[in-house]
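*Asks:* Sharing a structure with you now.
The values are calculated or read from the model by the stated rules, or taken from the named source; none is laboratory data. It should be emphasised that the depicted structure is a prediction, and the values quoted were computed from it without experimental measurement. Ideal geometry is used to build each Cβ from the backbone, glycine not excepted, and the neighbour counts take in all protein chains shown. Quick note on the areas: whole protein, heavy atoms, side chains included, nothing else; ligands and nucleic acids left out. Shrake-Rupley method; radii C 1.70, N 1.55, O 1.52, S 1.80 Å.
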Amino acid sequence: MAMTQADDRLVQGEVRYVEYGDDAVAYLSARDPRMADAIARIGHVWRVRDDDLFQAVVHSIVGQQISTRAQATVWARMRDGLGTVDVAHVAAASVEELQAFGMTYGKAGYIRDFALRVQDGSFDIAAVERMGDDEAIEALASLRGVGRWTAEMILTFCLNRPDVFAFDNLAIQRGLRMLYHHRKITRKLFERYRRRFSPYCSVASLYLWEVAGGALPELRDLAQKTRPARMAGEKNGGVARKIVRKGGSAPRKVAGTGTGTTYVTTFETGVIGNLTLASDGERISHCWFEHDRNWDADVAEAYVRKDDLPVFDIARRWLRGYFAGERPDPGELPLGLVGTPFRMVVWGQLLQIPYGRTVTYGELAERVESQTGRRTSARAVGGAVGHNPICVIVPCHRVIGAGGSLTGFAGGIEVKARLLALEGAKMG
């Protein structure tokens, strides 16, 4: 998670922490007995603060969709290579030079674009520090590669704003589920807690992160486990029937959605046929190929078609760029991946495979094993890859068999070959 661990990203000099006082603790404790108990048992939470807004933005972009350790490694390389991570040094570097530090091409482009905008004055970084929370979030989210969640984290861990509560932060939702024994955090329920904790939502978030991380070991996450198949009620007498073929991956409502409805739309690629996108209204939860083995045509009866959804517009822009031969970064999209812990690790590793590169299932298994510390087989990884719910964007097509074989693929081997050819990937 961006800006929440004391690691190699710290600049030289005195380490600073997110500041909060007894007034915040007293207020939260008086408002909520469970939060009071958590605060008393956990004690003061020390989270590293980065006072340099420019560095905080750059560091946040670097850290998207990668582990904390990988983020620290890239950051250390940037400091060593640039001398100082500041506007002048970043603006003077080329996208290729920034990419060479270990980040994706897309992230390198976002970072350099940000530096150039600060340098020429088209983005007033000093003004952001004087803005109110909503205005500052809007300004930061206008930057390429920075979404609302990233902006909220910057306000919390750089600007030290006391009343930020990020709905899209899965760890905060997990902390709420654990501390208050919920199975799901809806938008309405989340807003109820926001009102309870305000004006110290950021401080409450610090404790919820601790709870989510296991600070109170007797607490458990009651989130319901994903079922192998979804059921959809039909209007004809209310008879329920499965909407997924055996072995298929059903579209799910994303945990923590505000509407409880899944919307779908179609995107014409012009290269591999049509894609079907699904969303909870805020995040992309699924993307299927036209002849995806995990798709069932009857799904269309159970979900609402809504072509003008804003999140679909964002996804279409991303996909148009990708199929035009650009290298858009998945980090700029609001993704709602939901799966078992193992699958989430595998899908996270998929997001780290660079554009135009391929890895074998064996190599991917080694990466997963390195991250989790547990023995992992290529077969187990292959199963998780096969259940990737967001094709193209989460690039499962970049995983190949030993010796360069294309092996099985939800969209078909021909589609996989076309995607790799589009990226100019070398295999074998």
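*Asks:* Between Glu290 and Arg192, what is the spin-label point distance in nm, taking each point 7 Å from the Cα along the Cα→C-beta axis?
*Replies:* Taking the two extended label points, one gets 4.7 nm.
*Asks:* How many angstrom separate the Cα center of region 321-348 from the Cα center of region 28-100?
*Replies:* About 21 Å separates the Cα centre of region 321-348 from the one of region 28-100.
*Asks:* Would you check the accessible area of Trp318, probe 1.4 Å, heavy atoms only, in square angstrom rounded to 10?
*Replies:* Ignoring ligands and nucleic acids, Trp318 comes out at about 10 Å².
*Asks:* What do you get for trypsin sites (Lys or Arg not before Pro) in region 23-96 restricted to DSSP loop and a cutoff of at most 16 other Cβ within 10 Å of the site's Cβ? Please list the in-between numbers first.
*Replies:* Values: sites: Arg31, Arg34, Arg41, Arg47, Arg49, Arg69, Arg77, Arg79; in loops: Arg47.
Passing both the DSSP loop test and the Cβ count: no residue.
*Asks:* Using heavy-atom solvent-accessible surface (probe 1.4 Å) with all chains present, what is the largest-first order of His286, His182? Could you put the intermediate results ahead of the total?
*Replies:* Values: His286 5, His182 40 Å².
These residues rank, largest area first, as His182, His286.
*Asks:* So how do 340-346, 214-220, 329-335 stack up, highest first, on mean other-Cβ count within 10 Å?
*Replies:* Values: 340-346: 17.0, 214-220: 11.7, 329-335: 20.7.
The densest-packed peptide leads the list: 329-335, 340-346, 214-220.
*Asks:* Please give, to one decimal in nm, the separation of the simple spin-label points placed at Asp134 and Asp307, each 7 Å out from Cα toward the Cβ.
*Replies:* 3.3 nm
*Asks:* If the cut-off is 15 Å between C-alpha atoms, which aspartates and glutamates fall inside it for Lys416, apart from same-chain ones fewer than 8 positions away?
*Replies:* Reachable aspartates and glutamates: Glu290, Asp292.
*Asks:* Kindly list the residues of region 345-386 that lie in the label zone of Val271, defined by a backbone N under 18 Å from the point 7 Å along the Cα-to-C-beta vector.
*Replies:* 351-359
*Asks:* Same structure again: In what sequence, largest accessible area first, do Ser370, Ser29, Ser142 appear using a 1.4 Å probe?
*Replies:* Ser370, Ser142, Ser29
*Asks:* Also, I was wondering about something else. With a 1.4 Å probe and every protein chain left in place, tell me how much accessible area Leu170 has, in Å² to the nearest 10.
*Replies:* Surface accessible to solvent at Leu170 totals approximately 90 Å².
*Asks:* Right, here's the next one. Non-local amide H neighbours of Arg49 (under 5 Å, H modeled in plane, Pro and chain starts lacking H): which ones?
*Replies:* Counting only residues 5 or more places away or on other chains, the set is Arg16, Tyr17, Val18.
*Asks:* With θ set to phi - 60°, apply the Karplus curve 6.51 cos²θ - 1.76 cosθ + 1.60 along region 372-380 and write out the HN-Hα couplings as whole Hz, x wherever there is a Gly or Pro.
*Replies:* Running phi through 6.51 cos²θ - 1.76 cosθ + 1.60 with θ = phi - 60° gives 8, x, 10, 4, 9, 9, 4, 5, 5 Hz.
*Asks:* Is region 332-405 best put as rounded, prolate or oblate by its Cα gyration tensor, with a ≥ b ≥ c the root eigenvalues, rounded for a/c under 1.5, and otherwise prolate when a/b is larger than b/c, oblate when not?
*Replies:* Values: a/c = 1.66, a/b = 1.13, b/c = 1.48.
Oblate is the answer for region 332-405, as a/c is 1.5 or above yet b/c matches or exceeds a/b.
*Asks:* Please give the contour-minus-distance gain from Arg379 to Asp113: 0.36 nm per residue of separation, less the Cα-Cα distance, rounded to one decimal in nm.
*Replies:* On the way: separation 266, 0.36 × 266 = 95.76 nm, distance 4.10 nm.
Result: 91.7 nm gained on full extension.
*Asks:* Still on this structure, I have one more. If ligands, DNA and RNA are left out, what is the accessible area of Asp50 with a 1.4 Å probe, given in Å² to the nearest 10?
*Replies:* Accessible area of Asp50: about 20 Å².
*Asks:* What number comes out for accessible area per residue over region 116-222 if the probe is 1.4 Å? Units Å², please.
*Replies:* Values: 4570 Å² over 107 residues.
Solvent-accessible surface per residue comes out at 43 Å².
*Asks:* To the nearest 0.05, what FRET efficiency results for Thr84 and His44 with a Förster distance of 25 Å applied to their C-beta separation? Mind showing how you got there, number by number?
*Replies:* Numbers: r = 32 Å, r/R0 = 1.27.
The formula returns an efficiency of 0.20 here.
*Asks:* Mind ordering 393-400, 351-358 by average Cβ neighbours within 10 Å, highest first? Provide the component values of the computation, followed by the final result.
*Replies:* Numbers: 393-400: 23.9, 351-358: 17.5.
Per-residue Cβ counts within 10 Å, averaged per peptide and sorted highest first, yield 393-400, 351-358.
*Asks:* Ok, one more. Out of the chymotrypsin sites (Phe, Trp or Tyr not before Pro) in region 30-80, which ones are loop residues according to DSSP with at most 13 other C-beta atoms within 10 Å?
*Replies:* Numbers: sites: Trp46, Phe54, Trp75; in loops: Trp46.
Loop-located and lightly packed - Trp46.
*Asks:* Go ahead and run the numbers for FRET between Arg31 and Thr261, Cβ-Cβ distance against an R0 of 35 Å, rounding to 0.05. Could the numbers behind the result be given before it?
*Replies:* On the way: r = 32 Å, r/R0 = 0.92.
Efficiency at R0 = 35 Å is approximately 0.60.
*Asks:* On a straight-distance basis, which aspartates and glutamates could pair with Lys306 in a cross-link, Cα separation under 14 angstrom, same-chain partners fewer than 8 positions away excluded?
*Replies:* Within reach: Asp280, Glu282.
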